[in-house]
1. Would you confirm, using the coordinates I've provided, whether Gly138 is surrounded by fewer than 19 Cβ atoms within 10 Å (Cβ to Cβ) and within 29 Å of Gly101 (Cβ to Cβ)?
2. Could you tell me how many of the residues in segment 37-57 are touching a strand residue (DSSP E or B) at 6+ places or on another chain (Cβ under 8 Å) and over 15 Å from Leu158 (Cβ atoms)?
3. Considering only segment 71-96, state which residues are near the ligand (Cβ under 9 Å from one of its atoms) and in contact with a Lys or Arg (Cβ under 9 Å, 6 or more places away or on another chain).
4. Which pairs do you get when a residue that is assigned to a strand (DSSP E or B), found in segment 188-199, comes within reach of a residue that is modelled with pLDDT under 95, reach meaning Cβ atoms under 8 angstrom, with the pair 6+ apart or on two chains?
5. Which ones in segment 12-47 are near the ligand (Cβ under 10 Å from one of its atoms) and touching a helix residue (DSSP H, G or I) at 6+ places or on another chain (Cβ under 8 Å)?
6. What is the number of the single condition among (1) within 13 Å of the ligand (Cβ to nearest atom); (2) in a loop (DSSP other than H, G, I, E, B) that Val142 does not meet?
7. Counting only residues that are loosely packed, with under 15 Cβ neighbours inside 10 Å and assigned to a loop (DSSP other than H, G, I, E, B), how many does segment 1-23 have?
8. If only one of Ala130, Ala165, Ala157 is at pLDDT 95 or above, of a type in the set (A, V, I, L, M), over 20 Å from Ala108 (Cβ atoms) and in contact with a Pro (Cβ under 9 Å, 6 or more places away or on another chain), which one is it?
Amino acid sequence: MSYAIIGFGRIGQALAHAFVRKNIPVSVANRQSPEVLTPQARAIGPTVIATSLQDAVQADTVILAVPFEQHGEVAKILPTWQGKTVIDAMNSLAPLEEMDGLLSSPYAAKAFTGANYVKGFNHLIAATLATDAIVEGGHRVVFLSSDNNDAIAPVAALARELGFAPVNLGKLSEGGALVHARGRVWGPLIFQDVFKKEQ
Ligand SMILES: NC(=O)c1ccc[n+]([C@@H]2O[C@H](COP(=O)([O-])OP(=O)(O)OC[C@H]3O[C@@H](n4cnc5c(N)ncnc54)[C@H](OP(=O)(O)O)[C@@H]3O)[C@@H](O)[C@H]2O)c1
């Protein structure tokens, strides 16, 4: 299984730290060249590999850590996302009427044709997400939601590998609404730094 993080700002780098802690290789990319990104990637750890966007989207699992309004630019890189897992770590405070009345993830999912699309790793601020997910024997919870229940299992497995405790909230617009911004209001689970004893 190969992993890539698209967007190497606050949330992308926070996630890269999680991969490094578990020695899991991850590609990272943004619109800058890999040469420009490499020093920042290396500073996080030797298993963080700066690549081009074209190379990053070849990974089996692609994590979206770009500003929400940029998701379409990422989606356009591939003609189809069939067979890939896309993890949406983005948040949008845009009014719902700008998104055909949909929450941000169901709206963005439409651009990633064929993907196994899962929302996750979006509910904490980057500084928190960057710290060790295992604290005094407890595992930091990450909330996962998807309209394709089969898509959740591999993302939950990755979350466990990274030291988190995944919690499946169900469909994007049902349980997943708890970790969405609705218009200008944050969902009630956003910013809740919750721990579980067991993963
Ligand atoms: N910051 C947080 O605490 C936090 C918490 C939870 C969720 N989030 C969500 O995570 C996402 C990223 O937030 P952030 O705070 O990490 O933003 P950020 O620090 O501004 O980083 C954004 C990254 O995305 C890259 N990028 C922008 N447009 C791109 C494109 N079209 N293709 C590829 N890369 C692109 C940027 O690099 P270039 O412009 O050089 O390409 C940069 O590396 C947002 O959707 C945000 O809502 C953030």
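The values are calculated or read from the model by the stated rules, or taken from the named source; none is laboratory data. Note that the coordinates shown come from a computational prediction; the quantities given were computed from them, not determined experimentally. Counting neighbours? That spans all protein chains shown, and the Cβs are built from the backbone with ideal geometry, glycine included.
1. It is false that Gly138 is surrounded by fewer than 19 Cβ atoms within 10 Å (Cβ to Cβ) and within 29 Å of Gly101 (Cβ to Cβ).
2. Selection size over segment 37-57: 14.
3. Glu73, Asp88, Ala89, Met90, Leu93
4. Matching pairs, first to second residue: Phe195/Val135.
5. Listed by number, the residues that qualify are Gln13, Ala14, Leu15, Val28, Ala29, Asn30, Arg31, Gln40.
6. Single failed check for Val142: (2).
7. Residues in segment 1-23 being loosely packed, with under 15 Cβ neighbours inside 10 Å and assigned to a loop (DSSP other than H, G, I, E, B): 5 in total.
8. Numbers: Ala130 fails: in contact with a Pro (Cβ under 9 Å, 6 or more places away or on another chain); Ala165 fails: in contact with a Pro (Cβ under 9 Å, 6 or more places away or on another chain).
The unique qualifying residue is Ala157.
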